[in-house]
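All remarks here apply to the structure that follows.
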Amino acid sequence: MNESCAYCGGPATEPDHLTGRGPDGRYFDPSLVVPSCRACNLRGWALWCATGVGLNAFEHRSPHEVRMERLGLSLTRLGVRQPSGPFGHFARRPISRSGGGDAR
């Protein structure tokens, strides 16, 4: 890859799939990727695990719910990196864990 990591700006080494894999092992959204370095990709996975949307999430939550929460977390990470960019508004809004509605 000859791109910069979407999260830290360093050299990208791999794609980061913003919604990850489903319970069947296939990517939810195979083409929904951003360039990433390995360290930032692993940080994203650690964030998913810490917030309950890692692999064990499918035991208690629907695939759709896990997919949407992962996407929200990924867009928030992108917004933090580029607050004036297209995803910056995600970084300025609190993430609701209530399962619905607006967090404002």
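The values are calculated or read from the model by the stated rules, or taken from the named source; none is laboratory data. Predicted, not measured: the structure shown is a model, and the values here were computed from it. Neighbour counts run over all protein chains shown; Cβ positions are idealised from the backbone, glycine included.
Values as computed for the structure displayed
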item: Residue within the stretch 19-28 that is out of contact with any strand residue (DSSP E or B) (no Cβ under 7 Å at 6 or more places or on another chain), free of Cβ contacts under 8 Å to residues at least 24 places away in the same chain and small (Gly, Ala, Ser) present; result: yes
item: Test: residue in the stretch 52-74 that is loosely packed, with under 14 Cβ neighbours inside 10 Å, in contact (Cβ under 8 Å) with a residue 12 or more places away in the chain and closer than 21 Å to Glu3 by Cβ; result: no
item: Test: residue in the stretch 52-64 that is touching a Lys or Arg at 6+ places or on another chain (Cβ under 6 Å) and modelled with pLDDT under 95; result: yes
item: Qualifying residue in the stretch 38-48 (condition: basic (Lys, Arg), in a helix (DSSP H, G or I), surrounded by 14 or more Cβ atoms within 10 Å (Cβ to Cβ) and in contact with a Leu (Cβ under 9 Å, 6 or more places away or on another chain)); result: no
